[in-house]
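Beneath this line is the structure, given in C-alpha cells, with notes to follow.
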Amino acid sequence: MSGRVFASEVASTGYEALQSITSTPAYQYFEEDSKGSLEVGKLADLVILDADPLAVDPAGVGRVKVVETIKGGRTVYRVA
C-alpha cells in the first residue's frame, strides 16, 4: 500500500505467477496429463481477459478485467 517493494530479489515474474496456478498444481496432483496447460485432449477451463497480464505493468495487473469465464465448455460468466 505504501509503494515500498519488499524482497524484490525473490519476487515471481508474471509468467511464474501464472504457472503457480496452472501447470504447477496439476503436476503436484499428478494431473499434468489432463490439466495444467493448453494442449489437445486436456481439460481447459478458461478466462478471457481484457489485457495480457504478461504485457501490462506489474503494478497495474490488478486492473486487468475478466471478460468471460468458460468452465466445462460452457460460458458461466460474460460481461454484459
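The values are calculated or read from the model by the stated rules, or taken from the named source; none is laboratory data. Just so it is clear, the structure is predicted and the values come from calculations on it, not from any experiment. We place every Cβ from the backbone using ideal geometry, glycine too, and count neighbours over all the protein chains shown. Surface areas here come from the heavy atoms of the whole protein model, side chains and all, with no ligands, DNA or RNA. Shrake-Rupley method; radii C 1.70, N 1.55, O 1.52, S 1.80 Å.
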In the range 1-44, the chymotrypsin sites (Phe, Trp or Tyr not before Pro) that sit in a DSSP loop and have at most 16 other Cβ atoms within 10 Å of their own Cβ are 6, 29, 30
Within the chain, excluding any trypsin sites (Lys or Arg not before Pro) found in a DSSP loop (not H, G, I, E or B) and having at most 14 other Cβ atoms within 10 Å, the longest uninterrupted segment runs 5-41
Yeah, the range 25-80 with a ≥ b ≥ c from its alpha-carbon gyration tensor (a/c under 1.5 is rounded, else prolate when a/b outruns b/c, oblate otherwise) is oblate
Under the helix-only model (-39500 (n - 2.57) for each DSSP H run of 4 or more, divided by the residues of the chain), the mean residue ellipticity at 222 nm, to 500 deg cm²/dmol, is -3500 deg cm²/dmol
Residues other than residue 41 with Cβ under 14 Å of its Cβ, Lys/Arg counted +1 and Asp/Glu -1, net out at -2
Exposed-loop cut sites defined as GluC sites (Glu not before Pro) in DSSP loop states with at most 14 other Cβ within 10 angstrom; longest site-free run of the chain spans 40-80
For residue 67, the residues 5 or more places away or on another chain with a placed amide H closer than 5 Å to its own amide H are 48, 49, 50
Expressed as a whole-number percentage, the relative contact order of the range 1-45 with C-alpha contacts under 8 angstrom and at least six residues apart is 22
Note to self: with every protein chain in place and a 1.4 Å probe, the chain gives an accessible area per residue in Å² of 86
Going residue by residue through the range 35-45, the Karplus relation 6.51 cos²θ - 1.76 cosθ + 1.60 with θ = phi - 60° gives ³J(HN,Hα) values, rounded to whole Hz and with x marking Gly or Pro, of 9, x, 8, 8, 9, 4, x, 9, 5, 8, 8
The percentage of the accessible area of the chain (probe 1.4 Å, all protein chains present) made up of carbon and sulfur atoms, to the nearest whole number, is 58
